[in-house]
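Q: Quick one: the structure is below, and I'll ask about it shortly.
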Amino acid sequence: MFSVQARTVASITLRATMGRKRVFLFALPPLILLVITAALKVANPPGTAWPSHILGDFGFVVILPLTALIIGTSVLGAEIDDGSVVHLLATPVSRSTVIISKFAVAAVLTMAFVAVPELVAGLIATGGATKLAIGLFVGALAGSVIYNAVFVMISVLTTRAIAVGLLYLLIWEGVLATFASGARVLSVGQYSLAIANAIAHDSELNAHLGLGTALVMGTIVTAGTLTLAVRRLAAFSLKGDAV
């Protein structure tokens, strides 16, 4: 369970993130997904094989990474940009507590704005709690965790986290992971799709990794990026103290 310090940091982070106008930006992509799903459900006859392709590609290639990017870089990046992080680091809260608390908030918010809408869209598209709907939900939950670990790390490493994150999504996830089979082993999007497909068993999801590879690599990426973020934040605080 979280310590009192962790809960305090998480509470402050949650209020600050949800209090900004960007919360409307969080809600827009999933709303579009739900509208498209409902429209296609009405326009297409029963049994049409569109849901898995659209929900997998649009949900996991567009909505999930972009929402995680916005949220994951905002929970800490704004404080680093305006210098207010120095006040936080001046408290006796450990650097690991800061990173893990903010990461947890980012992951939960991404789950709320992506995984839950994916589940609802899956329920609408397939007409019930099918394997596809549940698979999409679980895959989005996993992706929310891994993506946010990566973007929290990026926000600590650079003050241009949004730009760097977009480049990562466009070049690595968008191009290399699509056309270079070797790059898929290091693709968070492929981890998410693999986990979803392990439940859905649907080739239309375009998952190119096995469940075991996705789980192992997802765990390594999450742990590795968070560890790097903690070390970088510790170095940042020491630099600030020296100044």
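The values are calculated or read from the model by the stated rules, or taken from the named source; none is laboratory data. The structure presented is a predicted model; accordingly, all values stated were derived computationally and were not measured. Methodologically, a virtual Cβ is constructed for each residue, glycine included, from the backbone with ideal geometry; neighbour enumeration extends over all protein chains shown. Accessible surface is based on the protein model in full, side chains and every heavy atom, while ligands, DNA and RNA are left aside. Shrake-Rupley method; radii C 1.70, N 1.55, O 1.52, S 1.80 Å.
Q: Select from the range 186-228 the residues that are among the β-branched types (Val, Ile, Thr) and in contact (Cβ under 8 Å) with a residue 24 or more places away in the chain and list them in ascending order.
A: Val188, Ile195, Ile199, Thr213, Val221, Thr222, Thr225
Q: Are any of the residues in the range 202-210 loosely packed, with under 15 Cβ neighbours inside 10 Å and part of a helix (DSSP H, G or I)?
A: Yes, there is a match, as at least one residue in the range 202-210 is loosely packed, with under 15 Cβ neighbours inside 10 Å and part of a helix (DSSP H, G or I).
Q: If you don't mind, another one. Would you check if there is a residue in the range 78-96 being acidic (Asp, Glu), at pLDDT 80 or above and crowded, with 17+ Cβ neighbours inside 10 Å? Don't jump to the end; show me each part of the working.
A: Of the residues in the range 78-96, the ones acidic (Asp, Glu) are 79, 81-82.
Now restrict to residues that are at pLDDT 80 or above: none.
The answer is no; no qualifying residue exists.
Q: Can you spot a residue in the range 187-197 that is open to solvent by 50 Å² or more (accessible area, probe 1.4 Å), under 28 Å from Ile100 (Cβ atoms) and not in a helix (DSSP H, G or I)?
A: Within the range 187-197, none of the residues are open to solvent by 50 Å² or more (accessible area, probe 1.4 Å), under 28 Å from Ile100 (Cβ atoms) and not in a helix (DSSP H, G or I).
Q: If I filter the range 17-30 down to residues being hydrophobic (A, V, I, L, M, F, W, C) and without any contact (Cβ under 8 Å) to a residue 24 or more places away in the chain, which single residue comes out as surrounded by the fewest Cβ atoms within 10 Å (Cβ to Cβ)?
A: Phe24
Q: Given the conditions (1) touching a residue at least 12 places away in the same chain (Cβ under 8 Å); (2) polar (S, T, N, Q); (3) surrounded by fewer than 24 Cβ atoms within 10 Å (Cβ to Cβ), and given that Thr158 satisfies all but one, which numbered condition is not satisfied?
A: (1)
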